[in-house]
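In what follows, a structure is listed as structure tokens, so that the remarks can point back to it.
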2 protein chains.
Amino acid sequence: MTELPVSERLGSHLKRAEQALSAAKNAALKQAGLTVSQYAALMHLSANPGISAAALARACAVTPPTMNTVLKNLQEHGLVERTPHEWHRNVLETRITEKGSRVLAAADPRAVRVERGLAAEFTPEERETLVALLGRCVTFLDAFRTAPDPES
Amino acid sequence: MTELPVSERLGSHLKRAEQALSAAKNAALKQAGLTVSQYAALMHLSANPGISAAALARACAVTPPTMNTVLKNLQEHGLVERTPHEWHRNVLETRITEKGSRVLAAADPRAVRVERGLAAEFTPEERETLVALLGRCVTFLDAFRTAPDPES
DNA sequence: ACCCCGGCATTAAAGCGTTGACGACCATTA
DNA sequence: TAATGGTCGTCAACGCTTTAATGCCGGGGT
């Protein structure tokens, strides 16, 4: 029935790895009270105060509605505040709060520990190779997704 | 503030790649009316008729509640049927329906086209290297997640 | 005979993520 | 001035995913 064995599909390995990464990071960040997405948003927000939600979404590689829900959760916990822009009435400026900075500071070492541990598993050449190969995956897949469908 | 530049985090590259893969596959499967998760479940179901939902969850590397929602959606579309097990009263046997097989047959070439296209971007050595590196990521991350927390 | 353990199924709650559809705003251009 | 296009924010609908908690069943040990 299936035209290709599961073990030969790069996709399954890729998915597996991302899943393991996400699980490890979420577990590490859990005691700080953040999810991976919230951590990523806070990080970019800390480096770019007053950024718009749409720009933040682009930085985190998610869609605006997704970022909206993440920000809503962060706002409910008081880690972030959103104020109307002065001239651009339609834009909300988002800023990390003092409490948000404290939570981020507590969370960062935990996330970094995962990254450093993972990086330590490889030699510099291997890391470079992995990043390059993954980059080629992205390039191809993004092009493929946009390409016309052979049997539409 | 941040102790490690984003671009040096293997995690972001891994996440990017998985996201691109998922987007490409979902786009390819959309015209067949399936999601990636549904496709994966149908594939394992086609190869293992009557498998339990928990076993199917293990095969697809998700949790039982996740598989439950996927199966619920598949069942609502008539692609799958679940009947009580004969002796084991607490177990539901899940089977792909005739309609499910047709949908899977229509979806499979589309998914395979993505996989083959992606695989064609690499030499056999590169594929092997990528799979091996991803495998080491999984090994480390799974161990890390289970390991004791240095500051609990 | 009894009880406990382990696997299965399910629910609830929470969060992430997408597409699609709108309405609002600004700036450029006709 | 008026139309146009691009950006922004948001709602609705849908689906995936996880953790935590509960209930149910069958088998094995005492």
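Residue by residue along B:36-42, Cβ atoms of other protein chains within 10 Å of the local Cβ number 1 on average.
Gyration tensor over the Cα atoms of the range A:21-121: the corresponding equivalent ellipsoid has semi-axes (square roots of 5 times the eigenvalues, largest first) of 26, 14, 11 Å.
Placing a label point 7 Å from the Cα of A:N48 along the Cα-to-Cβ direction, the distances to the matching points in the other copies come to 4.4 nm, shortest first. The other copies place their B:A120 label points at 4.3 nm from this one, listed shortest first, where each point is 7 Å from Cα along Cα→Cβ. Note on B:108-115: average number of Cβ atoms from other chains within 10 Å of each residue's Cβ is 5.
Between A:K15, A:K30, A:K99, the residue with the greatest mean-square fluctuation in the GNM of chain A (Cα pairs under 10 Å linked by springs) is A:K15. The rotation axis that maps chain A onto chain B passes nearest to the beta carbon of this chain A residue, listed with its distance in whole angstrom: A:E18, 2.
With runs of 4+ DSSP H residues as the only contributors, calculate the mean residue ellipticity of chain A at 222 nm using -39,500 (n - 2.57) per run, divided by the residue total and rounded to the nearest 500. Computed mean residue ellipticity for chain A: -21500 deg cm²/dmol.
Modelled label positions at B:R136 and A:A143, each set 7 Å beyond Cα in the direction of Cβ, lie 2.8 nm from each other. Approximating the spin labels as points 7 Å out from Cα along Cα→Cβ, the A:Q75-to-B:L92 distance works out to 3.8 nm.
When chain B is treated as a Gaussian network with alpha carbon springs shorter than 10 Å, the biggest mean-square fluctuation among B:T83, B:T35, B:T123 belongs to B:T123.
Across the copies of the chain, B:E93 has label points (7 Å from Cα along Cα→Cβ) spaced 6.6 nm apart, shortest distance listed first. Along the range B:17-26 the Karplus relation, 6.51 cos²θ - 1.76 cosθ + 1.60 evaluated at θ = phi - 60°, assigns HN-Hα couplings of 5, 5, 5, 5, 4, 4, 4, 5, 5, 4 Hz to successive residues, with x for each Gly and Pro. Within the shell of other residues whose beta carbon sits under 13 angstrom from the beta carbon of B:R95, the net charge comes to -1, with Lys and Arg scored +1 and Asp and Glu -1.
Each of A:R113, B:R95 has some number of other Cβ atoms within 10 Å of its Cβ, and from fewest to most they run B:R95, A:R113. Listed by Cβ neighbour count within 10 Å, with the fewest neighbours leading, A:I96, B:I51 appear as B:I51, A:I96. Each of A:R136, A:R9 has some number of other Cβ atoms within 10 Å of its Cβ, and from fewest to most they run A:R136, A:R9.
All of the numbers you see were taken from the coordinates with simple rules; none came from a lab. Quantities reported herein were computed from a predicted structural model and do not represent experimental measurements. As a convention, Cβ positions derive from the backbone with ideal geometry for all residues, glycine included, and neighbour counts pool all protein chains shown.
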